[in-house]
Amino acid sequence: MTHNTALPLAGVRVVDFGQQIAGPAVAMVLADLGATVIHIDPPRGPQWDHPANAVLNRNKLCLRLDLKSDAGLAQARQLIDQADVVLESFRPGKMAALGIDFSQLRAERPELVALSMPGFASNDALRREWKATEAIVAATSGAFTDMGFNRVLMGLNPSFSPLPLGSAYATTLAASSVVMALTSREKTGRGDLIEVPIAAALMEGLSYNSVVIEDMPERYLTMREHEIAHRKDNDIPFDLSYTDLQEYLDPFYRTYECKDGRFFYVVCPSHRNHARRALQALGIYDELLADGLPEVTDLHQPIAEWDGETSIGVYPLPKKWADIVSIKMKREFLKKTSTEWGVIFGEGQIPGAPHRTTQEWVNDEHTNAAGLIVEVDDPQYGLMKQPGPIVWLEGKAEAMLSPRPRRNVEFADALTALQVVTDQQVVSRPAGADIKPADGAGWLAGLKVLDLTNVIAGPHSAAFMGRFGAEVTKLDPVTPLYDPLIGTLFTFQTNMGKQSALVDITTDEGREAFNRLVRSVDLVVINAPERQMKPLGLDHDSLQAINPGVLFCRLDCLGGPKVGPKTNYIGYDDIIQANSGIMSRFGGKQTPEEHAHLGTLDVNCGFAGGLGMAVSLYHKLKTGEATRSRTSLSAITNLAQIKFAFDYEGRAPFDEASGREVLGNHALAHFYQASDGWLFVDAEPCELDKLASIEGLAGIVEATDQAAYLRQAFAAAPVAYWIEILHGADIAAAQPLAIEQLRDDYSREADGTVGTERGSYAFSVYNDHPSGHRVTLIDHYSIRPAEASIRALRSTEAFGTSTRPVLQAVGYSEADIDSMIERGIAGTGWGREFLPS
């Protein structure tokens, strides 16, 4: 299968031994970007027999090999001998036991990039041999017990979600690592041996759920947090209904019922312009001003110094004003349909969107017009609607919008496909005796990045580059756009390792400073819709005129490879969760609920932004061409929902596990209460005989109600007993853990390392954090190369800390800088306190 040579990874040869989701998804991303991929299944076919395989294996040649036979092993080795990249997703050591040892392969061919994606880390002595299914990794990593304030108040613990988040995060992280390793290889000739444990990827993806800021000021606590504390202190049951829970939500961050009986999600907290536009669109802004709605000039001052009791643009609003605003907003939303409000908010540049199902998302006019959904004529399912690419380069995405269907081939055809690419290759990297020795440098050492982003996804993408050696300058306005909760609190993770400078680029002098900074870097990144690029001077021609060859990356909300009717709508993670069906699945269609993990899509969009930047870097090294890489929250929701985000004639109903009461995918993959706590079992119907071989479960095959039988059986013994005997029968099982427990067990004082040697879980405690608080964060530890280094990033510095050295580095004198600061063209801080009290 020869790929379009215009695509950036054309000429890269991949052998994909992956099964389930994560491994095949990485190879899918590489194939979408132009790589030639051979996918290998065992003799009986894929371990996971699911229509999603039509998505995961598009653009690939697929064949079956028996690696337990001499002939099959020899054929596999022949394919690998022709490859640039080889990847697998089994338990640690399994491939080596079959005769394919990645370390040995790299000793023979140091140019090879080898990727392993085990469920748990190979250095996790406790769990490395576990049968690490998606749900087992999630349960062990706290993803089913830390499901947010809503579930706490409703008394629901554990909860269940069928989203394959671990695989989704691991896909972008691992694909990024492969492309970065290929980029570095162009300079050194060396590949690398990389491990990306899915548990570690999940923890990095859920990083905002594991952060602890000790003695955090009360102003940042939401109404839900206050209610949780009140109930704990007064021994009140956690039994709120869904309806009652809504009144504990901020009016600018909640769901409203509309005229058509459907629902609309508003996400306008922390940004006073967005909140004001929303109130004006609803026709209640003047009414609220008449009611005395206060306005605070500087939200970054301590509350004690505010010139009012609160303000729009503050999150969370105090209950008094939250109640007043919510009542009026509920009244107005009932006057128009959810679709009508969608247009009003979208065209008005107000973050909000109607709740829709995944089926509606896949068949939506915008997603199809924008290339977020593409059509593939699959040999098994016929014409399918499938997710589009998760990253692309502007001007080069057209070939990605017509993916080739997966094709089953024989060994000779697969080998020939690789050899054809080999014969056409022009090798420009060092080879043979010219391959450079491993020096332990980061893949991106020396790269300079200018970061113009805000909130989570964009800043996360630039911070992601830092761990590989990139030097990142974070440029923000002198006057902040967001309140401190989003504008400051989130940066404790997103701005690690960056130099922070404040410059007003709307002035002529500020613009000149910006131009100098652009000339000093290799890459510029922003999160904003396309309509803002020319006014900001960030279109391709303007940037190239300032710095010929500079690369550019853009992340946004609803953008795709092509223009659609909603391309320029603005929004956040939660809006795409609502519009793409995640919330309707998690809470139920009539009671939609945000997926409990903060930054569920945002963080992965950041990782995808890093992947896009790596693709641009690789492409420039190969061709000399400066490109603009792209991704969006909408592209990433498709990856998070890859098990569901497709449609075709005759498709089974969209009836996957959904709603608050669901505790598993089916009776054999479900939470059960043992005698001393909860247990998650993740078996398949084909494993009934294994279950029946276990003492106490012999009647499972004959049971007419499997769930009732297992409830009674598991209640008879403790969790540890069941896990031991289930593991002994090779049945996936785990005790659900809380993130708090993982933090307690796996935290250490920050020591300048990134935790890659510490198994599947690693947290660092920063006792001397610049905020003045003791802060605990998950490590940047999921990508583990054997040769390249991963850098431990320093704590986030306060805004404007590096304004002077950043401006000095681009030619400004001390006198120049003093003058710019005095006149407000540059700044050295947003307030006296980093995290205002």
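The values are calculated or read from the model by the stated rules, or taken from the named source; none is laboratory data. Please read these numbers as outputs of a predicted model, since none were measured by experiment. Here the Cβ positions follow ideal geometry from the backbone for every residue, glycine too, while neighbour counts run over all protein chains shown. When the accessible area is computed, the model is the full protein with side chains, heavy atoms only, and any ligands, DNA or RNA have been set aside. Shrake-Rupley method; radii C 1.70, N 1.55, O 1.52, S 1.80 Å.
In the range 376-390, the qualifying residues are those that are in a loop (DSSP other than H, G, I, E, B) and not aromatic (Phe, Trp, Tyr), and the one that is surrounded by the fewest Cβ atoms within 10 Å (Cβ to Cβ) is PRO379.
Counting the residues of the range 317-375 that are within 24 Å of the chain's Cα centre (by Cα) and open to solvent by 50 Å² or more (accessible area, probe 1.4 Å) gives 3.
Going residue by residue through the range 19-27, is there one that turns out to be open to solvent by 30 Å² or more (accessible area, probe 1.4 Å) and part of a loop (DSSP other than H, G, I, E, B)? Yes: the range 19-27 contains one or more residues that are open to solvent by 30 Å² or more (accessible area, probe 1.4 Å) and part of a loop (DSSP other than H, G, I, E, B).
Each row is one residue, and each column tells you yes or no for (1) in a helix (DSSP H, G or I); (2) surrounded by 22 or more Cβ atoms within 10 Å (Cβ to Cβ); (3) under 19 Å from the mean Cα position of the chain (by Cα).
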{"residue": "SER122", "(1), (2), (3)": "no, no, no"}
{"residue": "ALA143", "(1), (2), (3)": "no, yes, yes"}
{"residue": "VAL152", "(1), (2), (3)": "yes, no, no"}
{"residue": "VAL178", "(1), (2), (3)": "yes, yes, yes"}
{"residue": "ALA181", "(1), (2), (3)": "yes, yes, no"}
{"residue": "GLU186", "(1), (2), (3)": "yes, no, no"}
{"residue": "ALA199", "(1), (2), (3)": "yes, yes, yes"}
{"residue": "MET216", "(1), (2), (3)": "no, no, no"}
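Any chance the range 391-399 includes a residue that's closer than 30 Å to ALA76 by Cβ, in contact (Cβ under 8 Å) with a residue 60 or more places away in the chain, assigned to a loop (DSSP other than H, G, I, E, B) and open to solvent by less than 50 Å² (accessible area, probe 1.4 Å)? Yes, because at least one residue in the range 391-399 is closer than 30 Å to ALA76 by Cβ, in contact (Cβ under 8 Å) with a residue 60 or more places away in the chain, assigned to a loop (DSSP other than H, G, I, E, B) and open to solvent by less than 50 Å² (accessible area, probe 1.4 Å). Return yes when GLN47 is closer than 18 Å to ALA170 by Cβ and without any contact (Cβ under 8 Å) to a residue 40 or more places away in the chain and no when it is not. Considered against the rule, which asks whether it is closer than 18 Å to ALA170 by Cβ and without any contact (Cβ under 8 Å) to a residue 40 or more places away in the chain, GLN47 comes out as yes. Among the residues of the range 103-120, those that are surrounded by 22 or more Cβ atoms within 10 Å (Cβ to Cβ) and closer than 23 Å to LEU61 by Cα comprise LEU112, VAL113, ALA114, LEU115, SER116, MET117.
To keep it simple, each residue is scored yes or no on (1) within 13 Å of the chain's Cα centre (by Cα); (2) basic (Lys, Arg).
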residue: LEU555; (1), (2): yes, no
residue: GLY564; (1), (2): no, no
residue: THR567; (1), (2): no, no
residue: ASP573; (1), (2): yes, no
residue: ARG585; (1), (2): no, yes
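I'd like the full set of residues that are part of a helix (DSSP H, G or I) and either open to solvent by 50 Å² or more (accessible area, probe 1.4 Å) or among the hydrophobic types (A, V, I, L, M, F, W, C) (or both), limited to the range 201-214. Break it down into steps so the answer makes sense when it comes.
Looking only at the range 201-214, we keep the residues that are part of a helix (DSSP H, G or I), and these are 201-205, 207-210.
ALA201, LEU202, MET203, listed by residue number.
Residue count for the range 805-822 satisfying the condition of being touching a residue at least 40 places away in the same chain (Cβ under 8 Å) and surrounded by 13 or more Cβ atoms within 10 Å (Cβ to Cβ): 6.
In contact with a Phe, Trp or Tyr (Cβ under 7 Å, 6 or more places away or on another chain) and under 24 Å from GLY442 (Cβ atoms): which single residue out of SER760, SER771 fits that description? Lay out the reasoning, then the answer.
Values: SER771 fails: under 24 Å from GLY442 (Cβ atoms).
Selected residue: SER760, the only one of SER760, SER771 that is in contact with a Phe, Trp or Tyr (Cβ under 7 Å, 6 or more places away or on another chain) and under 24 Å from GLY442 (Cβ atoms).
Scanning for something over 14 Å from THR453 (Cβ atoms), open to solvent by 10 Å² or more (accessible area, probe 1.4 Å) and out of contact with any helix residue (DSSP H, G or I) (no Cβ under 7 Å at 6 or more places or on another chain), does the range 590-601 turn up at least one residue? Within the range 590-601, one or more residues are over 14 Å from THR453 (Cβ atoms), open to solvent by 10 Å² or more (accessible area, probe 1.4 Å) and out of contact with any helix residue (DSSP H, G or I) (no Cβ under 7 Å at 6 or more places or on another chain).
Criterion first (open to solvent by 10 Å² or more (accessible area, probe 1.4 Å), modelled with pLDDT of 95 or more and in contact with a His (Cβ under 9 Å, 6 or more places away or on another chain)) does GLY34 satisfy it? Before you say what the answer is, go through the steps one by one.
Working: open to solvent by 10 Å² or more (accessible area, probe 1.4 Å): no; modelled with pLDDT of 95 or more: yes; in contact with a His (Cβ under 9 Å, 6 or more places away or on another chain): yes.
No; evaluated as a whole, the condition is false for this residue.
Scan the range 166-173 and give yes if some residue there is without any contact (Cβ under 8 Å) to a residue 12 or more places away in the chain and in a helix (DSSP H, G or I), otherwise no. Talk me through it step by step, then tell me what you get.
As a first pass, look at the range 166-173 and keep what is without any contact (Cβ under 8 Å) to a residue 12 or more places away in the chain: none.
No, the range 166-173 contains no residue that is without any contact (Cβ under 8 Å) to a residue 12 or more places away in the chain and in a helix (DSSP H, G or I).
When the helices (runs of 4 or more DSSP H) confined to the range 316-366 are screened for residues that are over 25 Å from ALA290 (Cβ atoms), those reaching at least 3 such residues are found at 338-347, 358-362. As for the range 546-569, it holds no residue that is touching a residue at least 60 places away in the same chain (Cβ under 8 Å), assigned to a helix (DSSP H, G or I) and not aliphatic (A, V, I, L, M).
Scanning the range 104-115 for residues that are in contact with a Gly (Cβ under 9 Å, 6 or more places away or on another chain) and of a type in the set (Gly, Ala, Ser) yields one hit, ALA114.
Looking across the range 700-732, the residues that are open to solvent by 20 Å² or more (accessible area, probe 1.4 Å) and touching a helix residue (DSSP H, G or I) at 6+ places or on another chain (Cβ under 6 Å) come down to VAL701, ALA703, ALA729. Within the range 476-532, being closer than 29 Å to VAL754 by Cβ and of a type in the set (D, E, K, R) holds for ASP476, LYS498, ASP522.
All conditions but one from (1) at pLDDT below 95; (2) touching a strand residue (DSSP E or B) at 6+ places or on another chain (Cβ under 9 Å) apply to LEU485; the one that does not is (2).
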